[in-house]
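A short worksheet on the structure shown next.
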Amino acid sequence: MAEGQAGTVRILFVGDVVGGIGRRTLLDSLPVLRERHAPTFVVVNGENAAGGLGITPKIADELFAAGVDAITLGNHSYHRREIYPYLDSERRILRPGNFLRSQPGHGSCVVEHDGVKLGVVNLSGNLYLRAGRSAFTEVEVALGEVGQVDHILVDLHAEATSEKVAMGWHLDGRVTAVVGTHTHVPTADARVLPRGTAYITDVGMTGPRGGVIGVKREQAIEALLTQMPVRFETSEEDPWLMGVLITCSGPMRADSIEQVLMPRPPGAAKDR
């Protein structure tokens, strides 16, 4: 559908959901965010959603049932073996497209609302992470896979800020948004690049700010102090949702990108 007919399109992207506390924060926050921002699409990075590592089919189904349009993953995509067949059968969940072609899953999908088509692309960085192929060459394949759409959102799950910044410039004017995930700490560089692509180096995480990037802080500190193996558990302290809202009025072009940083709504259920 032509953008003029579709009107303003709003894409809500939510950063790395960490553990059960992150899932509950997301599910409790979505009604508030829908009322406040009326997003056309909701895309969520869920690679830490199952106990802090990986995702399961049950959790993915729960997120889809809550109205999430697409789920992106990252370096923990294959932590849970039960997800392997699901990655092949469910088009709306993505693992990085520059993983090996022999590995389960796929790296792009197209979702649609009211005649507006959004292509979603998931990629992994190559510096400090294991990805079978270059993100910068494989993104061209992914863009071809999504075909003719109104908007494209790229989630680059990467450790190195240089890779993410470079990908933003590389795709400026060719996609609607490039958002970075993985480091769990939101960066202060959200902006629309000169040719109309919304960009942020890292969206942050949806989970416990009271820990160390999601882990109980005393365990993380012990591991750093002793340099010995420590069993990590997900913190439950000070849960926040972190994301971005991208607003668009023309095809393949963002008008604005706004950070969404909010604590879990008060009075939310203790368990879900």
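The values are calculated or read from the model by the stated rules, or taken from the named source; none is laboratory data. What you are looking at is a predicted structure, and each value in this text was computed from that prediction instead of being measured. Glycine gets a Cβ as well: all are built from the backbone with ideal geometry, and neighbour counts include every protein chain shown. Remember, those area values only see protein heavy atoms, side chains included, never the ligands or the DNA or RNA. Shrake-Rupley method; radii C 1.70, N 1.55, O 1.52, S 1.80 Å.
For D114, what accessible area in Å² do you get when you roll a 1.4 Å probe over the heavy atoms of the protein chains, rounding to the nearest 10? Result for D114: roughly 140 Å² accessible.
With a Cα-only, solvent-free Debye model of the stretch 60-130, what are the log10 I(q)/I(0) values at q = 0.13, 0.20 Å⁻¹? One equal scatterer on each Cα of the stretch 60-130 leads to -0.38, -0.84. Computed from point charges on the beta carbon alone (+1 for Lys and Arg, -1 for Asp and Glu), the dipole magnitude for the stretch 50-171 about its Cα centre is near 420 Debye.
Restricting the calculation to Cα atoms, the stretch 177-226 yields a radius of gyration followed by a Dmax of 14.8, 49 Å. Shape analysis of the stretch 160-272 yields a ratio of the Cα radius of gyration to the Kirkwood radius, Rg/Rh, of 1.09. Computed extension length for Q219-Y84: 45.6 nm, one decimal, from 0.36 nm per residue of separation with the Cα-Cα distance subtracted.
Ligands, DNA and RNA are left out, and with a 1.4 angstrom probe the accessible area of the chain is 42 Å² per residue. When the alpha carbon gyration tensor of the stretch 1-158 is reduced to an equivalent ellipsoid, its three semi-axes come out at 24, 21, 13 angstrom, largest first. A simple charge model with +1 on the Cβ of Lys and Arg, -1 on the Cβ of Asp and Glu and nothing else charged puts the dipole of the stretch 134-272 at about 240 debye relative to its Cα centre. Mean projected area of the convex hull spanned by the Cα atoms of the stretch 6-73, taken over all viewing directions: 4.3 nm².
Lysine pairs in the chain whose alpha-carbon atoms fall under 29 angstrom of each other, counting only those eight or more residues apart or on distinct chains, come to 6. For the chain, the residue among A166, N126, A50 whose Cα projects farthest onto the positive side of the dipole built from Cβ charges is A50. Overall dimensions of the stretch 36-89, expressed as equivalent-ellipsoid semi-axes from the Cα gyration tensor (√(5λ), whole Å, largest first), are 21, 11, 9.
Remark on W240: its backbone amide H falls under 5 Å from those of G207, R209, R264, a criterion applied only to residues 5 or more positions apart or on other chains, H modelled at 1.01 Å from N. Using a probe radius of 1.4 angstrom, the carbon and sulfur fraction of the accessible surface of the stretch 130-198 is 54%. Of all the options T161, T201, T181, the one that moves most in a Gaussian network model of the chain with Cα springs shorter than 10 angstrom is T161. W169 exposes around 120 Å² of accessible area when a 1.4 Å probe is run over every protein chain in place. Note: the stretch 134-216, Cα convex hull, 101 Å³ per residue. Here the contact order of the stretch 138-272, divided by its residue count and restricted to Cα pairs under 8 Å and six or more residues apart, works out to 21 percent. All C-alpha pair distances within the chain, sorted into 5 Å bins from zero, spread as 1, 6, 14, 18, 21, 18, 12, 6, 3, 1, 0, 0, 0 percent across the bins.
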